[in-house]
């Protein structure tokens, strides 16, 4: 079982509707149905979200109650904020990324990563062997220390849209995504969502949404 802390768009919001429409597409001009489903498979499994604390298994003596208590405390101490998003490329894949200052999102992610690190099981040797060779020295150090390489200075707030695609496929994807992304209003980051994967390879499901700002000073 693994847990993660995400920003998940509120039901009925423009961003939630954008993601729902995107992930329900059966095919696009230039991208066959089977290929489109493969490109979005991980987005559907992990859910329409922005990562704040990447999936982690609990340490031997840790409990979900401790995860919940820490996330709730972070949420209470963090005021809500807004981000404007645009279509961008990140690490070879398409994503929605902030257009301006993302410092509030970076600080929120840092709080989540640092606070929950004590509850995280150590990186397994198998995971290290599988991933470490693809990382640079800074990322390997972060991976060993925090269980994920793209944290702290390597963190970038984003909502993943698809896996890396060919140039031709990406042009077709952008033709659908670009005009819709351009019409998105600013996104209000006002909740933290704890998600859970009950078995390896199973979809992540929302466990609890916690509102930001209950005890924060703006």
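The values are calculated or read from the model by the stated rules, or taken from the named source; none is laboratory data. All figures in this text were calculated on a predicted structure; none of them were measured in a lab. Heads up, the Cβs are rebuilt from the backbone with ideal geometry, glycines too, and the neighbour counts pull from every protein chain shown.
The condition of being more than 28 Å from residue 1 (Cα to Cα), crowded, with 20+ Cβ neighbours inside 10 Å, within 17 Å of the chain's Cα centre (by Cα) and at pLDDT 95 or above holds for only one of 108, 161, 94, that being 94.
Taking the numbered list (1) over 25 Å from residue 76 (Cα atoms); (2) under 19 Å from the mean Cα position of the chain (by Cα); (3) at pLDDT 95 or above in turn, residue 131 passes all entries but (3). Taking the stretch 38-55 as the range and being out of contact with any strand residue (DSSP E or B) (no Cβ under 6 Å at 6 or more places or on another chain) and part of a helix (DSSP H, G or I) as the test, the residues that pass are 38, 39, 41, 42, 44, 45, 46. How many residues does the stretch 122-148 hold that are closer than 13 Å to residue 56 by Cβ, without any contact (Cβ under 8 Å) to a residue 60 or more places away in the chain and crowded, with 16+ Cβ neighbours inside 10 Å? Final tally of qualifying residues: 3.
Reported count of residues in the stretch 156-182, each being more than 19 Å from residue 47 (Cβ to Cβ), assigned to a loop (DSSP other than H, G, I, E, B) and in contact with a helix residue (DSSP H, G or I) (Cβ under 8 Å, 6 or more places away or on another chain), is 1.
How many residues are without any contact (Cβ under 8 Å) to a residue 24 or more places away in the chain and over 16 Å from residue 51 (Cα atoms) when one looks only at the stretch 90-121? So the count comes out to 3. No other residue among 41, 27 is in contact with a helix residue (DSSP H, G or I) (Cβ under 6 Å, 6 or more places away or on another chain) and surrounded by fewer than 14 Cβ atoms within 10 Å (Cβ to Cβ) apart from 27. Of all residues in the stretch 28-62, those that are more than 22 Å from the chain's Cα centre (by Cα) and either modelled with pLDDT of 95 or more or on the phi < 0 side of the Ramachandran plot (or both) total 10. Of all residues in the stretch 191-213, those satisfying the criterion of being surrounded by 12 or more Cβ atoms within 10 Å (Cβ to Cβ), part of a loop (DSSP other than H, G, I, E, B) and more than 15 Å from the chain's Cα centre (by Cα) are 202, 212, 213. Number of residues in the stretch 1-16 that are part of a helix (DSSP H, G or I) and either in contact (Cβ under 8 Å) with a residue 40 or more places away in the chain or over 17 Å from the mean Cα position of the chain (by Cα) (or both) equals 2.
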